[in-house]
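The values are calculated or read from the model by the stated rules, or taken from the named source; none is laboratory data. No experiment lies behind these values; they were computed from the predicted model shown. Every residue, glycine as well, gets a Cβ built from its backbone with ideal geometry; the counts of neighbours run over all protein chains shown. When the accessible area is computed, the model is the full protein with side chains, heavy atoms only, and any ligands, DNA or RNA have been set aside. Shrake-Rupley method; radii C 1.70, N 1.55, O 1.52, S 1.80 Å.
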Amino acid sequence: MNETFDVKLSEKHYLPDPRFRETAWTPDYTAAYQAFLADPEAFWDEIARELVWFEPWDRVREWNAPYARWFVNARLNITYNCLDRHVTSERRDKPALIWRGDGGEERTLTYQELFEDVSRFARGLVSLGIGKGDRVCIYMPLVPEQIIAMLACARIGAVHSVVFGGFGAGALRTRLNDASVKAVITADVGYRRGKTIPLKEIADEALADAPSVEVVIVLNRSGSAAKPGGDREVDFADLMERSAPDCPAASMDAEDPLFILYTSGSTGTPKGIVHTCGGYMVGTYYTTRHVFDVKDDDILWCTADPGWITGHSYVVYGPLAAGVTVAITEGTPDYPDPGAFWKMIQDLKVTIFYTAPTAIRMFMKHGEAWPEKYDLTSLRILGSVGEPLNPEAFEWYYQVIGKSRCPIVDTWWQTETGMHMITTMIGEPMLPGFAGKPIPGVVADVVDREGRPVPPGTGGFLVIKEPWPSMMRTVHGNDERYCTYWNTIPGYYTAGDLAVKDENGYIMVLGRADDLIVVAGHNIGTAEVESALVSHDAVAEAAVIGKPDPLKGNAIKAFVTLRTGYTASDDLTAALLKHVRDQLGPVAVPSELEYADRLPKTRSGKIMRRVLKAKELGIDPGDISTLEE
Ligand code: WTA
């Protein structure tokens, strides 16, 4: 791979209404960033003091590269901050969770109710012999009990490992065994798009070969008369009923593990990313408040399942630590129709909406008529995460959903970082296509292989130069893999993403470093070509891969899905190719273009180019356990 490559930058930008800046928790990004740089430890110290600790820290940070300890020797419990802290205040009767099921049913839990349920379930776990340090796998549909289970583990110091309810038996088994899980919490069934998913059956298949598991707690979601059968099985509701709603929050060391969450590497087995109690709490609390700029009357809807890091940080821990109302749904964006999400925003008066580019592009495909049927005036702030938000999707999101009134925070971060790292803070000018700048508290840059910063307009590797509180501490059972993040470009944390900066330090994330194609000696980012294709009116989504080519080394092949109202034809193909040529130049023009009804994606919505490529080349796609059905 060449060291660096050039990227064409546009300078179009939007300025938010000045009132956003006036009322923001971070009213002046530049000043806040300078204050952080002047004294990073004082910066984090001040934020941490807004939360409740059982014992204070001796030092804010200890950095012994690549190992960090934060809030050294402090003691806390994250659930004390998410629950106890609020139930002793006027937030007690405020809704903590508003949940909508796949069939439209609704449940609201106030902070007091959530506190009681979590306490009961925590007590129940203790009665089953589960305690500090034990690993507990949560394999559930998106119901309030999923969140109750997570918080109950955290309350007693058990380490949860949430596995998204859409994963199959093989993926679940790998995760159960890798973490030597002692207990599994699941449900008999889940519902998705009106269909029943036999979760317990799938879990049983995985459990047949998971010798460490001693207890299985089963939520009766379907309301069936059947009771759990096997010796080691316990009914969720029975356990709740026989447990008192009081369970003191265990005193945890700031560096004790809080959870393990698996993320799929581009190769090999999934990595169990380990996060700890203190730093993760501070990082998610801070970013929820300052990046989403949450106020006490906000209703935050992050559409991710708690089974992903986005759900851990911005459905569960960050928002609850900040004491806001969280909206959640088991429903999908286009069921029963493509207005489902807009209806939810209207009904619940959602003020902060956080979703993924893949969902936004799907909404674009269905057209503006759907959102226009609903009242979206409650919206204040929009967010995006998971993939580059290409300029066309930004414009659509900004204009059609936000009515040119709502700032968009395009947040770049990872399972490994635990919290938002790069975005455009509320009140700052927004550049479509650019996530933005490192937030106060984070030092990020775009560098070459030796770690030298690259000039504006030149692509390179996205790195983080200083430790941050919510950074991963290790990869469970494989510390060597952890070290790889810090020694690929020595001294820096390498994110594995390619990026480019403009003259003002705004960062555009181009995609994973492994998504780079070298065509006739030129480095072409898949995201760039995809973005060019999607900027054509006819295209809903695009995926681009490299194919070995005797002449050019690699040739580009594009897969395209069309927006409603367009049909595939040779003329359209010619028009699309010309469009890419006009936008990016001849080297980036695909030599093949294929129309598809849909693209292979991970369950979290990332396009799996690897699967397209394997199919194209007739080779084994490798681990596809994360592929959507
Ligand atoms: C990608 C999700 C561009 C990136 C929180 C990263 C993004 C990977 C953005 C982590 C964004 C996430 N713009 N790319 N705003 N946010 N990514 O672990 O490639 O599921 O490395 O965490 O998603 O994915 P993960």
Got a sec? Which helices (runs of 4 or more DSSP H) wholly within segment 339-426 have at least 1 residues that are within 16 Å of the ligand (Cβ to nearest atom) and buried (at least 19 other Cβ atoms within 10 Å of the Cβ)? 357-366, 391-396
When segment 461-473 is checked residue by residue, the ones that are away from the ligand (no atom under 12 Å from the Cβ) and open to solvent by 10 Å² or more (accessible area, probe 1.4 Å) are K465, E466, R473
Please list, ordered by residue number, the strands (runs of 3 or more DSSP E) wholly in segment 474-557 having 1 or more residues that are open to solvent by less than 50 Å² (accessible area, probe 1.4 Å), at pLDDT below 90 and within 14 Å of the ligand (Cβ to nearest atom). 493-501, 507-512, 516-519, 522-525
Tabulated pairs, segment 367-382, first in contact (Cβ under 8 Å) with a residue 12 or more places away in the chain and under 12 Å from L348 (Cα atoms), second of a type in the set (G, A, S) and loosely packed, with under 13 Cβ neighbours inside 10 Å, C-beta under 9 angstrom, 6+ apart or interchain: none
Kindly evaluate F434 against the criterion of being in a helix (DSSP H, G or I), crowded, with 19+ Cβ neighbours inside 10 Å, within 16 Å of the ligand (Cβ to nearest atom) and within 22 Å of the chain's Cα centre (by Cα). no
Take the conditions without any contact (Cβ under 8 Å) to a residue 24 or more places away in the chain and β-branched (V, I, T) and apply them to T494. Does it pass? no
Test for P456: is it away from the ligand (no atom under 16 Å from the Cβ), assigned by TED's automatic domain parsing to the domain that holds G318, open to solvent by less than 10 Å² (accessible area, probe 1.4 Å) and more than 30 Å from K365 (Cα to Cα): no
Screening V181, V213 for residues that are part of a loop (DSSP other than H, G, I, E, B), of a type in the set (A, V, I, L, M, F, W, C), surrounded by 18 or more Cβ atoms within 10 Å (Cβ to Cβ) and under 25 Å from the mean Cα position of the chain (by Cα) leaves only V181
Can you tell me how many residues in segment 579-627 are part of a helix (DSSP H, G or I), open to solvent by 60 Å² or more (accessible area, probe 1.4 Å) and within 16 Å of the ligand (Cβ to nearest atom)? 1
Can you find a residue in segment 54-68 that is outside the structural domain of V529 (by TED's automatic domain parsing) and part of a helix (DSSP H, G or I)? no
For segment 311-325, what are the residues that are outside any loop (DSSP other than H, G, I, E, B) and surrounded by fewer than 24 Cβ atoms within 10 Å (Cβ to Cβ)? none
Scanning segment 437-453 for residues that are in contact with a strand residue (DSSP E or B) (Cβ under 8 Å, 6 or more places away or on another chain) and part of a loop (DSSP other than H, G, I, E, B), which turns out most open to solvent (accessible area, probe 1.4 Å)? R449
